[in-house]
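Below is the structure I would like to discuss, written out as structure tokens.
The values are calculated or read from the model by the stated rules, or taken from the named source; none is laboratory data. Quick caveat: nothing in here was measured; it's all calculated off a predicted structure. Quick reminder, even Gly has a Cβ in these numbers, built from the backbone with ideal geometry, and neighbours come from all protein chains shown. The area values use the complete protein model at the heavy-atom level, side chains included, leaving out ligands, DNA and RNA. Shrake-Rupley method; radii C 1.70, N 1.55, O 1.52, S 1.80 Å.
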Amino acid sequence: GFVFWIGTHGGAWGFGKAARSARMLLDVNGPGLYRRNKELMSPEDYAAWKQDIRKRSREIPLVIDYDPVEVVYEDEDLLAVVKPCGLKIHPAHRFVGGTLVNRVHGYLGSAPFTLHRIDQSTSGIVLMAKRKGPVLSEMSRQIRLHLRHAG
């Protein structure tokens with residue numbers, strides 16, 4: 001089976017190395033056999049537990065970076081920024097900074113919604129939505145449609 005730790009790191013829920021101060025141990029022994037703290041869990045209980053962990057992780061505020069952001073376009077709904085080579089688009093965990101999303105959060109004062117990604121080793125323009133709503137939904141739909149037809 002596969003074993004991973006879940007616990008806290010600086011008050012934040014996390015997985016793997018960041019969670020060495022483990023509160024729970026989950027052992028996955030194959031399909032439908034989940035064990036938490038030596039108690040077997042059904043797939044339904046595991047799904048509910050996993051959803052609870054995701055909900056708790058969203059309660060952690062996203063780290064804000066105030067490093068400069070090069071804006072090439074901005075309106076009330078969208079923002080296009082330059083992503084330098086070597087910079088990640090988004091953090092692996094909400095309590096980790098140093099990414100484009102963290103910088104744009106510092107620029108906007110709120111967390112952006114990334115509409116697409118480019119590789120860490122690539123520089124280029126990244127389009128982000130400033131808020132949830134019809135513009136985010138429509139832009140996401142258009143990008144998905146384009147990717148489906150381009151691939």
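When residue 148 is evaluated against the numbered criteria (1) among the charged types (D, E, K, R); (2) open to solvent by 90 Å² or more (accessible area, probe 1.4 Å); (3) within 25 Å of residue 65 (Cβ to Cβ), which criterion, by number, is the only one it fails?
(3)
Moving to a separate point now. Does at least one position in the range 119-131 carry a residue that is under 19 Å from the mean Cα position of the chain (by Cα), more than 22 Å from residue 147 (Cα to Cα), in contact (Cβ under 8 Å) with a residue 12 or more places away in the chain and open to solvent by 60 Å² or more (accessible area, probe 1.4 Å)?
Checking the range 119-131: at least one residue is under 19 Å from the mean Cα position of the chain (by Cα), more than 22 Å from residue 147 (Cα to Cα), in contact (Cβ under 8 Å) with a residue 12 or more places away in the chain and open to solvent by 60 Å² or more (accessible area, probe 1.4 Å).
Is it the case that some residue within the range 103-111 is at pLDDT 95 or above, out of contact with any helix residue (DSSP H, G or I) (no Cβ under 9 Å at 6 or more places or on another chain) and basic (Lys, Arg)?
yes
Tell me, yes or no, whether the range 27-38 has at least one residue that is among the β-branched types (Val, Ile, Thr) and either open to solvent by 80 Å² or more (accessible area, probe 1.4 Å) or modelled with pLDDT of 80 or more (or both).
Just the residues of the range 27-38 that are among the β-branched types (Val, Ile, Thr), to begin with: 28.
From what is left, the residues that are either open to solvent by 80 Å² or more (accessible area, probe 1.4 Å) or modelled with pLDDT of 80 or more (or both) are none.
So far as the range 27-38 goes, no, none of its residues is among the β-branched types (Val, Ile, Thr) and either open to solvent by 80 Å² or more (accessible area, probe 1.4 Å) or modelled with pLDDT of 80 or more (or both).
Would you confirm whether or not the range 51-67 contains a residue that is open to solvent by 50 Å² or more (accessible area, probe 1.4 Å) and of a type in the set (S, T, N, Q)?
Taking the range 51-67 first, the residues open to solvent by 50 Å² or more (accessible area, probe 1.4 Å) are 51-52, 54-56, 58-59, 61, 64, 66-67.
Narrowing further to those that are of a type in the set (S, T, N, Q): 51.
Yes - at least one qualifying residue is present in the range 51-67.
Please go through the range 132-145 and pick out each residue that is within 20 Å of the chain's Cα centre (by Cα) and surrounded by 14 or more Cβ atoms within 10 Å (Cβ to Cβ). Step through it out loud before you land on a result.
Pass one, the range 132-145, residues within 20 Å of the chain's Cα centre (by Cα): 132-133, 136-137, 139-141, 143-144.
Matches in the range 132-145: 136, 139, 140.
Kindly provide the set of residues from the range 70-107 that are among the hydrophobic types (A, V, I, L, M, F, W, C) and open to solvent by 30 Å² or more (accessible area, probe 1.4 Å), ordered by number.
First pass over the range 70-107, keeping only residues among the hydrophobic types (A, V, I, L, M, F, W, C): 71-72, 78-82, 85, 87, 89, 92, 95-96, 100-101, 104.
Within the range 70-107, 71, 72, 82, 85, 92, 95, 96 meet the criteria.
Are any residues in the range 77-99 farther than 24 Å from residue 145 by Cβ and free of Cβ contacts under 8 Å to residues at least 60 places away in the same chain, and if so, which ones? First the steps, then the outcome.
We begin by selecting, within the range 77-99, every residue farther than 24 Å from residue 145 by Cβ; these are 82, 84-88, 91-99.
82, 84, 85, 86, 87, 88, 91, 92, 96, 97, 98, 99, listed by residue number.
Exactly one of (1) touching a His at 6+ places or on another chain (Cβ under 8 Å); (2) modelled with pLDDT of 90 or more is unmet by residue 95. Its number?
Residue 95 satisfies every listed condition except (2).
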